[in-house]
Amino acid sequence: EFQLVLLPSLIDSLISEKRIQFRDKNNLQIQAHLENSYGLFVNIVPSDLSRVLSNTINNSVEAFDPNKMSTIDLTVESNNSHVVLRIKDNGKGIPQHILAKLGQMGVSFGKEGTQSVSGLGVYHAKQTIESFNGTYQIESVEGAGTTVFITLPRANALGWFVQSLNLNKSQTIVATDDDHSILEIWKQRFGQLVEEN
């Protein structure tokens, strides 16, 4: 069922789950960069987008050299009409002849010895994102890593969402929220105001 979803909240929750899931991997760092994501709504099936992002991160983890410091960075950017999620890793990368076929049913890479050898993961991810009127693209350099770009149409914010606040220099600001990602965004925004003045 399609819903209007505040994207940074969904991503922050997912990243927290992934950090717990892979907490035994001491040389793995998973980061979400949500600085530019305030007020970004998308019209999606939340569980389906979470599954696509979760599987993408799992694919990255499977591509790592266990003896190397590994990073996964999920960055959110936007323009007036679209939101772009970029999931970048520094894993082993994908050969170009395989990369050209990924997204077709039955094509996989680097899945030997794992439970997911069907080649349906990228195919289903692509189908899911396209069902949201978005795009799913993979760029990779063998030996350097892989980046997945998910582009989604931006939706208008819901009526309850505060788009802007008018403040003066003498006001005291107290921010409370049970969503850590929202508090971090407010902290960064208020920090920028202090630096500008």
Region 1-42 shape via C-alpha gyration tensor axes, a/c threshold 1.5: oblate
Pairwise label distance in nanometres, I98 with D65, each label 7 Å out on the Cα-Cβ vector: 1.6
Pairwise label distance in nanometres, N58 with Q29, each label 7 Å out on the Cα-Cβ vector: 2.6
Rounded accessible area per residue of the chain, 1.4 Å, Å²: 59
Nearest 10 degrees, 0 to 90: helix 121-131 Cα axis against the chain principal axis: 40
Set of lysines near K68 by C-alpha distance (under 30 Å), chain-local residues within fewer than 8 positions excluded: K18, K25, K88, K92, K101, K111, K126
Whole-angstrom gap from region 133-176 to region 1-76, using each part's C-alpha centre: 13
Karplus-derived HN-Hα couplings along region 41-52 (A = 6.51, B = -1.76, C = 1.60, θ = phi - 60°), whole Hz, x at Gly and Pro: 10, 9, 9, 9, 9, x, 5, 6, 5, 4, 5, 4
Filtered GluC sites (Glu not before Pro), region 1-37: DSSP coil and at most 15 other beta carbons within 10 Å: E1, E35
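Using the Kirkwood radius over C-alpha pairs as Rh, can you work out the diffusion coefficient of region 128-197 via Stokes-Einstein at 10 °C, viscosity 1.306 mPa s, in µm² per second? Present the calculation step by step, with values, prior to reporting the outcome.
Values: Rh = 16.3 Å.
Rounded to a whole number, D works out at 97 µm²/s.
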Gyration tensor over alpha-carbon atoms, region 1-97, equivalent ellipsoid semi-axes in Å: 25, 15, 13
Candidate lysines - alpha carbon under 21 Å from K169, same-chain residues fewer than 8 apart omitted: K187
Cα lying deepest toward the dipole's positive end in the chain, options A32, I57, S47, charges on Cβ: I57
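Leaving ligands and nucleic acids out of the surface, order K187, K25 by accessible area at 1.4 Å, largest first.
If we order K187, K25 from most to least accessible, we get K187, K25.
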Cα-based equivalent ellipsoid, the chain: semi-axes from gyration tensor eigenvalues, Å: 33, 20, 14
Helix 7-21 axis, angle to the chain major axis (alpha carbon atoms, nearest 10°): 50
Degrees separating the helix 180-196 axis from the principal Cα axis of the chain, which is the longest one: 60
The chain, accessible surface, carbon-and-sulfur percent (1.4 angstrom probe): 47
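The values are calculated or read from the model by the stated rules, or taken from the named source; none is laboratory data. In this text, all values refer to a predicted model and were calculated from it rather than measured experimentally. Because the Cβ atoms are built from the backbone with ideal geometry, glycine has one as well, and the counts that use them run over all protein chains shown. Remember, those area values only see protein heavy atoms, side chains included, never the ligands or the DNA or RNA. Shrake-Rupley method; radii C 1.70, N 1.55, O 1.52, S 1.80 Å.
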